[in-house]
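See below for the structure under consideration.
A short reminder: the numbers here are calculations on the coordinates, not readings from a lab. Not measured: the values here are computed from a predicted model. Cβ atoms come from the backbone with ideal geometry, glycine included; neighbour counts cover every protein chain shown.
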Amino acid sequence: SPFFLLCSLLFSPLFLSLLFSLFFFLLFSFLFLLFLFPFLKQTPRNELSSIPVVTHPKSLNLPKEFDARTAWPQCSTIGRILDQGHCGSCWAFGAVESLSDRFCIHFGVDVPLSVNDLLACCGFLCGSGCDGGYPISAWKYFAHHGVVTEECDPYFDQIGCSHPGC
């Protein structure tokens, strides 16, 4: 009978596993939008107006492979995997890590810089701390105020912006 066929289809292990998978996909999509989306902040338009745009011809021959760890093996900061923990501070990690890497590549100074210094001291100029921020504002902060080393002001050391000024 059609009823028996429908019931056997609805309660089959394959159908139930697909239904279960769909449920969790929708649940995690909702949780992503609810909890992680607020950390994704769009850079304010006025921040981008002073940034030069560099373009390259499409005919530029790029290498098939490139690994910064092998190109600059003297830079221990390149390739380091860090953990932002419970804080939505990817913007700060990205800005600080790229500055650390640039110092090593350009000046030969291989020293990790402090994410905590940026989070604690930049304040609302850079965004909302653990609730997201703007990498471009972090770079402007570095240019005007500098940043201390990771050894001086470790991540979440509870000192805040009153580091000893190493």
Sequence ranges 50-63, 136-149, 74-87, ranked by mean other-Cβ count within 10 angstrom, highest first | 136-149, 74-87, 50-63
Excluding Leu82 itself, what net charge comes from residues whose Cβ is under 10 Å from its Cβ, given Lys and Arg +1 and Asp and Glu -1?
-> -2
Simple spin-label estimate for Arg102 and Ser59 in nanometres, 7 Å along Cα-Cβ | 3.1 nm
Hey, with R₀ at 30 Å, roughly what FRET efficiency would Ser12 and His86 work out to, going by the Cβ-Cβ distance, to 0.05?
-> 0.15
In range of the label at Phe156: residues from region 82-115 whose backbone nitrogen is under 12 Å from the point 7 Å along Cα→Cβ | 83-89
